[in-house]
Each structure stands twice: as C-alpha cells, then as structure tokens.
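Only one structure is covered here, and it is reproduced in the block below.
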Amino acid sequence: MAPLPAASEQNVETAFAAASQRHLRALLVGDDPFFEGLGLRLTELAAQTASPRFIDRRFPAAGGLMSYGGGILQMYRIGGQYAGRILHGEKPADLPVQQPTKFELVVNLKTAETLGLTVPPLILARADEVIE
C-alpha cells in the first residue's frame, strides 16, 4: 500500500504516473467531493495504467472494475436529513454521526476480462449489480 495524495487534477495525473512507475496494480479512491468531479478522468487514467479501480457505483459503469460503498442516493438522503435538522435549529455539533445502512457492490466483468482477471463466483453472487 502506498498513499498517493492529490489535491488538484494535475496532482491526480502525477499520482497515477507514480503508481505506474511503482508497478502498483490497484487503486482505492476515497469518497471525497474532490474526486467526484474527476470521476471519468480517474477512470480514463486507471484504464491507461491497467489499474483496477474501487470507487463508487458510477465508475464501474464508466469502465472501472468494481465499487463497494454506501449508495449515493442514501448518502444524499442522510445529508438532506442533516440539513433539515439544522434548519430547524439543531446545532451541527449535536447531531449524531450516521453511516450508511446498505452497502452496494458493483462489478464490471468486461473490465475484469480486459485486465485478465477472473472474478470469484462468491463476489459475483454477492454483487448488487454485475455489468457484462
């Protein structure tokens, strides 16, 4: 494991170049609004370096290998609930931390084949969505 921090699009490209030079074969992208805006670019860069990608469900649809995490709609719903409570006078510091209650696993078999990977049947059986 080698952290490759990035705070700008140029940093992201530099991080991918460094990952390629180090022969890193997988990429875990944090759930951060910064990366949301770079989703397709991340997928393009990962495809250029043949790196499997593990990010939110939109990225396997765009060519990423797989994603596992709380559903984006569920996260927006939780955010909306927080906003409503704050608008009704609650202090943000008094609100409880909430985590997703449902996690989604999405697998792109076409990308797995392109990368020469075989996805174990147990992963496919547990996947919420399999893209063929």
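The values are calculated or read from the model by the stated rules, or taken from the named source; none is laboratory data. None of the values given here were measured: they were computed from a predicted structure. Here the Cβ positions follow ideal geometry from the backbone for every residue, glycine too, while neighbour counts run over all protein chains shown.
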Inspect the stretch 35-55 for any residue being surrounded by 15 or more Cβ atoms within 10 Å (Cβ to Cβ) and at pLDDT 80 or above and give the result as yes or no. no
Exactly one condition in (1) more than 22 Å from GLY70 (Cβ to Cβ); (2) in a loop (DSSP other than H, G, I, E, B); (3) modelled with pLDDT under 70 is not met by PRO5; state its number. (3)
Within the stretch 88-97, how many residues are surrounded by 12 or more Cβ atoms within 10 Å (Cβ to Cβ) and not acidic (Asp, Glu)? 1
So ARG85 ticks every box in (1) in a helix (DSSP H, G or I); (2) exposed (fewer than 11 other Cβ atoms within 10 Å of the Cβ); (3) at pLDDT 85 or above but one. Which box is left unticked? (2)
Would you check which residues across the stretch 111-132 are within 16 Å of ALA62 (Cα to Cα), in contact (Cβ under 8 Å) with a residue 40 or more places away in the chain and not hydroxyl-bearing (Ser, Thr, Tyr) and list them? ALA112, LEU115, GLU129, ILE131
Checked the stretch 63-79 for anything within 19 Å of LEU115 (Cα to Cα) and surrounded by fewer than 16 Cβ atoms within 10 Å (Cβ to Cβ); matches are none
